[in-house]
2 protein chains.
Amino acid sequence: MPLPERTAAFLHKAVGPGVPIREGHDSDARVAHQGPRGMAWHDLCDVRMGVDDPLLVDVVFPESLDDVVAAIRRAEQQGRAVIPRGGGTSVVGGLTAADPSTIIDMTHMNHILDWSPSDGVVHVQSGVTGPQLEQWLHERGYMFGHLPQSWEQATLGGYAVTSSAGQVSSGVGRFHDNVVQVTLATPHGVWTIGHNPATAMGPDFMGVVRASEGTLGIVSDLVLRIRPRPSRIHSEGALSPTWQAAINAARDLAHAGLTPHVLRISDQEETRGTWAMSFPAGIKGSLVNAYCAMRGVSDGCLVIMQWQGGSELPAKRRAAWKILNSHGIVRLGRGVGRSWEKHRFAGPYLRDSLIDAGYFVETFETATSWTQLAHARETVMEEVARLDARVYAMTHISHVYATGASLYFTILAPSTFGEHWSEVKTHLTDAIVSSGGTATHHHGVGTVHAPWLRQELGEQGMDVWRAIKGSCDPEGIMNPAVWRAWQR
Amino acid sequence: MPLPERTAAFLHKAVGPGVPIREGHDSDARVAHQGPRGMAWHDLCDVRMGVDDPLLVDVVFPESLDDVVAAIRRAEQQGRAVIPRGGGTSVVGGLTAADPSTIIDMTHMNHILDWSPSDGVVHVQSGVTGPQLEQWLHERGYMFGHLPQSWEQATLGGYAVTSSAGQVSSGVGRFHDNVVQVTLATPHGVWTIGHNPATAMGPDFMGVVRASEGTLGIVSDLVLRIRPRPSRIHSEGALSPTWQAAINAARDLAHAGLTPHVLRISDQEETRGTWAMSFPAGIKGSLVNAYCAMRGVSDGCLVIMQWQGGSELPAKRRAAWKILNSHGIVRLGRGVGRSWEKHRFAGPYLRDSLIDAGYFVETFETATSWTQLAHARETVMEEVARLDARVYAMTHISHVYATGASLYFTILAPSTFGEHWSEVKTHLTDAIVSSGGTATHHHGVGTVHAPWLRQELGEQGMDVWRAIKGSCDPEGIMNPAVWRAWQR
């Protein structure tokens, strides 16, 4: 399957050719006209087909907490629902209208308010994007380090309410692990959560807010943990003879407290795809193949690692490589690591090019315990194989925990496959959940994963969730399409 | 002030001389007779004075989740409140009766149900104690690693609902960071929380359960994260020339990702007290003093560190010591570290001996940001000095985070001082909160810290908390003395 080049910015395409979303009032009108859209398959199709959403009434751009509170109040008075919008990168239908709605677009709240390098914190408005924050911090010798593939567009407020995880989460934790304080404007009042650095004074409600997806309120600002930039960053590639060997090695690294900041393990299918993309001219590809065959790992699994730290890092890598070697994993060196660094945010763009070229492309993910990981992947791959012979599926492990890891699946198929995607997605998610996985590790619930929420939270969990909603949003105006989907 | 020797088991004293709590039915009757008691100053006084609690009706000892559910239902039918009891080590009035009550004593639910070393988890009943779990795991080459000073008596279920933190929490995380799954029997239904290893499917309610302190339901069993025992454990002492230098060093270690598993920093007052206790005969104490004077750190601050890891540990320690040295901190070696290891659980026993010897002893704690830490300690020490010239107060940092740390205060005074403790405690907690600290970092809220809960959670937080309570315990039978104190 030939893979086209990376194309122009994905977001421009997502809202239609030639209509950038962030430039002046035309874009506001355009958003208003096209309706609230994320980047799920159905969103992209709607946008490409110019499907209108009559439920979207207006778009407001607050600049302060007071503006957000006023905008929510106004919507309430006018009998409209509120749909909060950050970067618009939801891939799970998180931006969907069910009632006449106001979009509260947070992208004008993009100021960095304060910071304290001594305390290791920065205070930001929620419409700040990852690149903006990282650039500001890098100039001052610090970093934040949350790098999901939506990084170029998504906002910090969006991360805070969608259980976001990024490429370096194995090292720095998930987004919510780095939230020191968050301020949420709910229809019922302003809610500030968090005590620096820790407390036993009552519940930690961050675990609730982090999954609220716009249904409780709107994040206006956050205090985030920052870190001094590490003096050493070492990215490298490796090859595992088998998928199971790579799983075992990752588990042993995690148990020994030696997980690298990034640990990404591709299965054989994804590894083949990566070689095909990286070395299209043939000659370099042949060399890699020859080297791998020589090391006894031809048709193996690609392992990408990034290590961050100081003078202790070489000793840590040595200890980790003892474990990696004991599982038959061999080094591919820093070149492969650098190649990954260069292309790490290319996925969404590539997807866009492929869609334009007539392909269906979608991703989905899960997480499960170490002992269930191989079984969960196999279950999904078998189901995919049964669907359609023309479907190419591949998997990688993207986030590693002490007690298990995530699995990230990518599906490529002819675009006609997309017509049945909704049913196929249901079928595959059922397979994931029945194999012991969760319906989503980091994409969020949205409308797409709503049917599995009750199963995962249980009746008492759903009841508590409804009680919290009732306290924050008694009239039910916040992101109602998503909330109602959760209650079915 | 002369400090007596460590005496016999503290718990025996807490429930009256010669009446061990865990041996047969006499103890049940005794608990029933004496009322629900923890180990706060007021509890110990009541026990010593033989104060009876007529509100305590009976004590039941469930052996399974079904037993717990049945016991809650029976109490409900009989119009009684339920007070869950684990090890009875609450120091914040968490065991207090307000209505005719049944104590559900969890100590018979002390079985280890299952484990998976590959997944790195163990499944336990909630009445298991720390020593029981650690011994079981150690025999199999694993550890859990939650070691608060209540470790010898407290139960895992108690840790799970009181935001517990232990001596090694800087390294392995707080208790709730190591909970993979928890099952809570609420009056409204059984609630299972958690997906291994992580999920974006809805809220993480562990942050709610971990602060519930028996007001939502009773933990019947938990799945906990375990770790292989480290091949190297290195405990050592060090001396910092000043309190501020030690704070700065701890902050830099945390920011560099080089925090040891244990990092305990005593202020000058506590350091003097430690020397006095460790070297009562004079000669060794003189040697230490001479050495410290030679190194320019006489009257400095004692730093205790414990490092855990594998072959990478020496390099990590070297990198950390570069930072420690840059702040003027000097080595005291492994002997001091071993001495700390030996006496690490002696605090509560020592307290008991001191009380018997006519002293008042109480501890309280807080946490705040790095930049507020010195100010918070100073505020408290100044307030204490103003109270009574005969009071000896000392402080240590016990838990270190990236963005701040905890402060642990100990007060010694003649026992007459205890008569005013309730007012003094209010005064000191006001001082802590006004200096930017939290009213408790790890002791929990209970009845003692209840007056500050609203201030820390805010109105919207309190409202959400009540909504959750309403869902789990609509009749309000669970630990009502504590819950009502929180609502005032």
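Checked against (1) buried (at least 19 other Cβ atoms within 10 Å of the Cβ); (2) closer than 25 Å to B:V209 by Cα, A:T447 passes all but condition (2). When segment B:51-88 is filtered for residues that are open to solvent by less than 40 Å² (accessible area, probe 1.4 Å), part of a strand (DSSP E or B) and among the aliphatic types (A, V, I, L, M), the ones remaining, listed by number, are B:L56, B:V59, B:V60, B:A81, B:V82, B:I83.
Residue check: is A:V400 within 14 Å of chain B (Cβ to nearest Cβ), β-branched (V, I, T) and within 28 Å of A:E152 (Cβ to Cβ)? Criteria met by A:V400. Inside segment B:104-124, residues that are farther than 26 Å from B:A481 by Cα, away from chain A (no Cβ under 14 Å) and open to solvent by 10 Å² or more (accessible area, probe 1.4 Å) make up a count of 4. The conditions of being open to solvent by 10 Å² or more (accessible area, probe 1.4 Å), touching a helix residue (DSSP H, G or I) at 6+ places or on another chain (Cβ under 8 Å) and modelled with pLDDT under 95 are not met by B:H261. Residue check: A:T438 meets all listed conditions (1) of a type outside the set (G, A, S); (2) away from every other protein chain (no Cβ under 14 Å); (3) within 21 Å of B:T183 (Cα to Cα) but one, namely (2). Examine segment B:394-407 for a residue that is more than 20 Å from B:Q244 (Cα to Cα) and in contact (Cβ under 8 Å) with a residue 24 or more places away in the chain, and state whether such a residue exists. No, because not a single residue in segment B:394-407 is more than 20 Å from B:Q244 (Cα to Cα) and in contact (Cβ under 8 Å) with a residue 24 or more places away in the chain.
When B:M394 is tested against (1) out of contact with any helix residue (DSSP H, G or I) (no Cβ under 9 Å at 6 or more places or on another chain); (2) more than 13 Å from every other protein chain (Cβ to nearest Cβ); (3) not hydroxyl-bearing (S, T, Y), just one condition goes unmet, and that condition is (1). B:I468 meets all of the listed conditions (1) modelled with pLDDT of 95 or more; (2) within 12 Å of chain A (Cβ to nearest Cβ); (3) open to solvent by 10 Å² or more (accessible area, probe 1.4 Å); (4) out of contact with any Asp or Glu (no Cβ under 7 Å at 6 or more places or on another chain) but one, namely (3). The set of residues from segment B:89-128 being modelled with pLDDT under 95, touching a Leu at 6+ places or on another chain (Cβ under 6 Å) and part of a loop (DSSP other than H, G, I, E, B) comprises B:A97, B:P100.
Among all positions in segment B:222-232, there is at least one residue which is surrounded by fewer than 24 Cβ atoms within 10 Å (Cβ to Cβ), farther than 20 Å from B:L263 by Cβ, in contact with an Asp or Glu (Cβ under 9 Å, 6 or more places away or on another chain) and among the basic types (K, R). Taking each residue of segment A:309-327 that is within 8 Å of chain B (Cβ to nearest Cβ) and looking for partners that are among the basic types (K, R) and open to solvent by 40 Å² or more (accessible area, probe 1.4 Å) with beta-carbon atoms closer than 7 Å, six or more apart or interchain, yields A:G309/A:R232; A:G309/A:K316; A:G310/A:R232; A:E312/B:K316. Evaluating B:W151 against the criteria (1) open to solvent by 20 Å² or more (accessible area, probe 1.4 Å); (2) touching a strand residue (DSSP E or B) at 6+ places or on another chain (Cβ under 7 Å) leaves one unmet condition, (2). If the condition is being in contact (Cβ under 8 Å) with a residue 40 or more places away in the chain and under 21 Å from B:A367 (Cα atoms), then segment A:178-206 contributes A:N178, A:V179, A:V180, A:Q181, A:V182, A:T183, A:N196. Out of all the residues in segment A:452-465, is one or more within 13 Å of chain B (Cβ to nearest Cβ) and assigned to a loop (DSSP other than H, G, I, E, B)? Checking segment A:452-465: not a single residue is within 13 Å of chain B (Cβ to nearest Cβ) and assigned to a loop (DSSP other than H, G, I, E, B). Entry remark, segment B:387-438: residues being of a type in the set (K, R) and under 28 Å from B:F175 (Cβ atoms) number 1 in total. For the structure I just gave you, tell me whether B:V448 is closer than 27 Å to B:A81 by Cα and either more than 8 Å from chain A (Cβ to nearest Cβ) or in contact with a strand residue (DSSP E or B) (Cβ under 9 Å, 6 or more places away or on another chain) (or both). Answer is yes for this residue. Within segment B:344-353, identify whether any single residue is in a helix (DSSP H, G or I), closer than 28 Å to B:T89 by Cα and hydrophobic (A, V, I, L, M, F, W, C), and answer yes or no. Within segment B:344-353, one or more residues are in a helix (DSSP H, G or I), closer than 28 Å to B:T89 by Cα and hydrophobic (A, V, I, L, M, F, W, C). Looking only at segment B:239-261, decide whether some residue is farther than 30 Å from A:S116 by Cβ and of a type outside the set (S, T, Y). Within segment B:239-261, not a single residue is farther than 30 Å from A:S116 by Cβ and of a type outside the set (S, T, Y). When segment B:307-326 is filtered for residues that are out of contact with any Gly (no Cβ under 7 Å at 6 or more places or on another chain) and either among the charged types (D, E, K, R) or open to solvent by less than 40 Å² (accessible area, probe 1.4 Å) (or both), the ones remaining, listed by number, are B:W307, B:G310, B:E312, B:L313, B:A315, B:R317, B:R318, B:A320, B:W321, B:K322, B:I323, B:L324. So B:S101 clears everything in (1) in contact with an Asp or Glu (Cβ under 9 Å, 6 or more places away or on another chain); (2) more than 14 Å from every other protein chain (Cβ to nearest Cβ); (3) under 30 Å from B:F144 (Cα atoms); (4) open to solvent by less than 30 Å² (accessible area, probe 1.4 Å) except one condition, right? Which one? Every condition holds for B:S101 apart from (3).
Which ones in segment B:235-266 are within 14 Å of another protein chain (Cβ to nearest Cβ), over 19 Å from B:G310 (Cβ atoms) and assigned to a loop (DSSP other than H, G, I, E, B)? Hit for segment B:235-266 is B:A256, nothing else.
The values are calculated or read from the model by the stated rules, or taken from the named source; none is laboratory data. This is a predicted model, so every value here is computed, not measured. In this analysis, Cβ positions are derived from the backbone assuming ideal geometry, glycine residues included, and neighbour counts consider all displayed protein chains. SASA here: full protein model, heavy atoms, side chains in, ligands and nucleic acids out. Shrake-Rupley method; radii C 1.70, N 1.55, O 1.52, S 1.80 Å.
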